1. Can you give me the number of residues within the stretch 25-59 that are surrounded by fewer than 17 Cβ atoms within 10 Å (Cβ to Cβ) and under 21 Å from Arg134 (Cα atoms)?
2. With (1) buried (at least 19 other Cβ atoms within 10 Å of the Cβ); (2) at pLDDT 95 or above as the list, and Asp22 as the residue in question, which single condition is left unmet?
3. Pairs needed: first member in the stretch 136-161, surrounded by 11 or more Cβ atoms within 10 Å (Cβ to Cβ) and of a type in the set (Val, Ile, Thr); second member anywhere, assigned to a loop (DSSP other than H, G, I, E, B) and modelled with pLDDT of 85 or more; C-beta distance under 8 Å; at least 6 residues apart or different chains.
4. Of the residues that make up the stretch 207-223, is at least one in a strand (DSSP E or B) and at pLDDT below 95?
5. I need the full set of residues from the stretch 180-201 which are surrounded by fewer than 18 Cβ atoms within 10 Å (Cβ to Cβ), modelled with pLDDT of 90 or more and either at positive phi or hydroxyl-bearing (Ser, Thr, Tyr) (or both), in order please.
6. Does the stretch 99-113 contain at least one residue that is closer than 15 Å to Leu24 by Cβ and either in contact with a Ser or Thr (Cβ under 9 Å, 6 or more places away or on another chain) or assigned by TED's automatic domain parsing to the domain that holds Val8 (or both)?
7. State the number of residues belonging to the stretch 132-182 that are small (Gly, Ala, Ser) and outside any loop (DSSP other than H, G, I, E, B).
Amino acid sequence: MLGIDKYVHLSRVLDYRFKNVDLLEQALTHRSAAKLHNERLEFLGDAVLGMVVADALYQAFPEVPEGKLTRMRSTLVKGETLAELAREANVGELVKLGQGELKSGGHRRSSILADAMEAVLGAIYLDAGLETVRGVILNLWDERINALNPNEHPKDNKTRLQEFLQSRRQPLPVYDVVNISGKDHAQTFDVSCTVSQVDTPVVASGNSRRKAEQQAAKLMLEKLENAAG
């Protein structure tokens with residue numbers, strides 16, 4: 001039980017205190033730090049989270065069809081959402097990493113934080129059972145579930161732009177990198193998006209080509225939708 005004080009904030013965020021602190025320790029141990037790490041607990045937490053969120057959505061949105069429920073669930077259980085919750089609980093300060101991961105800033109990496117958050121949920125399931133972990137999940141995800149709009153389009157901007165053009169039998173957009181600036185570890189990409197029915201391409205920036213393309217697609221889609229009235 002030594003060192004349990006460091007988990008006070010996490011326990012407060014979860015509204016749960018572990019009976020078996022060893023489970024929590026394992027959930028916060030990355031594979032780079034020890035042979036007994038959190039990947040099996042992550043596997044378990046992923047399954048429990050998916051089931052609890054699916055059930056919550058089924059109950060909260062009785063008229064919504066399966067396809068939209070699936071997309072809504074994906075929004076709630078994706079790595080980005082898990083990493084946000086992990087940051088709120090200061091999981092990065094608690095996760096145990098090997099030297100290599102520590103030096104590369106692993107305690108800030110979204111994928112590591114998301115995996116640890118899932119592992120913590122798996123550990124709660126083993127420590128206290130399904131109904132307890134259900135309560136923890138619903139408490140953590142409550143605001144996000146209530147904020148969901150079943151009719152909000154969850155697809156990324158490039159997909160939305162492509163579908164917009166295809167529905168009007170127009171050629172697909174063309175993306176070009178027009179400039180790359182900055183040092184290798186902190187580059188900025190400027191990407192243009194060109195479509196046949198707009199005279200001037202739009203240009204957007206991002207810290208990766210993918211992000212710049214997504215932003216350019218967003219700007220082009222807004223321009224097309226405004227023109228369509």
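The values are calculated or read from the model by the stated rules, or taken from the named source; none is laboratory data. Quick caveat, the model's predicted, so the values are computed rather than measured. Glycine gets a Cβ as well: all are built from the backbone with ideal geometry, and neighbour counts include every protein chain shown.
1. The initial filter retains those residues of the stretch 25-59 that are surrounded by fewer than 17 Cβ atoms within 10 Å (Cβ to Cβ), namely 31-32, 34-36, 39-40, 43, 47, 50-51, 54-55, 58-59.
Filter once more, so that each one left must be under 21 Å from Arg134 (Cα atoms): 39-40, 43, 47, 50-51, 54-55, 58-59.
Of the residues in that region, 10 qualify.
2. Evaluating Asp22 over (1) buried (at least 19 other Cβ atoms within 10 Å of the Cβ); (2) at pLDDT 95 or above leaves (1) as the failure.
3. Within 8 Å, the pairs are Val136/Asp15; Val136/Tyr16.
4. Keep residues of the stretch 207-223 that are in a strand (DSSP E or B), which gives none.
For the stretch 207-223, residues in a strand (DSSP E or B) and at pLDDT below 95: absent.
5. Ser181, Thr188, Thr194, Ser196, Thr200
6. Taking the stretch 99-113 and keeping what is closer than 15 Å to Leu24 by Cβ, we get none.
Looking for residues that are closer than 15 Å to Leu24 by Cβ and either in contact with a Ser or Thr (Cβ under 9 Å, 6 or more places away or on another chain) or assigned by TED's automatic domain parsing to the domain that holds Val8 (or both), one finds none in the stretch 99-113, hence no.
7. At the first step, the residues of the stretch 132-182 found to be small (Gly, Ala, Ser) are 135, 147, 167, 181-182.
Those still in the list that are outside any loop (DSSP other than H, G, I, E, B) too: 135, 167, 181.
Residues that pass the stated criteria total 3.
Residue-wise test of (1) of a type in the set (Val, Ile, Thr); (2) assigned by TED's automatic domain parsing to the domain that holds Leu23; (3) under 19 Å from Gly79 (Cα atoms).
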{"residue": "Val120", "(1), (2), (3)": "yes, yes, yes"}
{"residue": "Ala123", "(1), (2), (3)": "no, yes, yes"}
{"residue": "Leu138", "(1), (2), (3)": "no, yes, yes"}
{"residue": "Trp141", "(1), (2), (3)": "no, yes, yes"}
{"residue": "Asn151", "(1), (2), (3)": "no, no, no"}
{"residue": "Phe164", "(1), (2), (3)": "no, no, no"}
{"residue": "Tyr175", "(1), (2), (3)": "no, no, no"}
